[in-house]
Amino acid sequence: MHVRCCAHILNLCVQDGLDELRTLLEHIRNVIRWIRAVRSAKGIFKQKCEEYGLRKKVIALDTPTRWNSIYKLLHDAIAYHDVLTDMYSESRATDGQFITNDHWSLAKIVHGVLETFDNATHIFSYVYEPNIHAVILECIKIICTIK
């Protein structure tokens, strides 16, 4: 009654879908990469966080082999979207590019869908008791989210 292979199948499906979206989320990824790489950017990030009344946080980069890392990146980035938008538009490292409201709208939509997949993955991977009934419920939630 264990269905851990469902988690693997779900992982393959999500990875395939994210391949299509990675370039659309590149602006958000770029500003986080810049903050992590440039020492002065870390100071600016701390200052901007204080201006917006947020606690400074290290936002982890995503890794291509772990789809839930983009979910975690988007989760943190959305919480700091004002700070990241200001930093991206003010920095010279961006070559005149901006993070627009459209970028954030897309990020929120993708985050919402990935949240459903993340919850399902945790339930699919549950190993201490039979979980086929929970898997069916999560599959229904995934279908509703995609629709």
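The values are calculated or read from the model by the stated rules, or taken from the named source; none is laboratory data. On a predicted model such as this, the values are computed, not experimentally measured, just so you know. Quick reminder, even Gly has a Cβ in these numbers, built from the backbone with ideal geometry, and neighbours come from all protein chains shown. Side chains are part of the model used for accessible areas, which takes the heavy atoms of the whole protein and leaves out ligands, DNA and RNA. Shrake-Rupley method; radii C 1.70, N 1.55, O 1.52, S 1.80 Å.
A few notes on this one:
- Of Lys108/Lys141; Lys48/Lys147; Lys57/Lys141; Lys56/Lys141, those spanning more than 27 Å from alpha-carbon to alpha-carbon: Lys48/Lys147; Lys57/Lys141; Lys56/Lys141
- Carbon and sulfur %, accessible surface of the chain computed with the full protein complex present, 1.4 Å: 58 percent
- Helical runs assigned H by DSSP (4 residues or longer) give the chain a calculated mean residue ellipticity at 222 nm of -23500 deg cm²/dmol, each run adding -39500 (n - 2.57) before division by the residue total.
- Cα gyration tensor category, rounded, prolate or oblate, for the stretch 10-89 with a/c compared to 1.5: prolate
- Using C-alpha pairs under 8 Å with a sequence gap of at least 6, the mean separation divided by the residue count of the chain gives a relative contact order of 32 percent.
- The residues of the stretch 1-106 present an accessible area of 61 Å² per residue when probed at 1.4 Å with all protein chains retained.
- A Stokes-Einstein calculation at 10 °C with viscosity 1.306 mPa s, built on the Kirkwood radius of the stretch 38-83 over Cα pairs, returns a diffusion coefficient of 140 µm²/s.
- Once you divide the Cα radius of gyration of the stretch 1-50 by 2.2 N^0.38 Å, the number left is 1.82.
- In the context of the full protein assembly, Thr85 retains an accessible surface of approximately 30 Å², using a probe radius of 1.4 Å and ignoring ligands and nucleic acids.
- Applying 1/(1 + (r/R0)^6) with R0 = 41 Å to the Cβ-Cβ distance of Lys108 and Ile136 gives a FRET efficiency near 0.90.
- Taking all C-alpha pairs of the chain, those more than 29 Å from each other amount to 27 percent.
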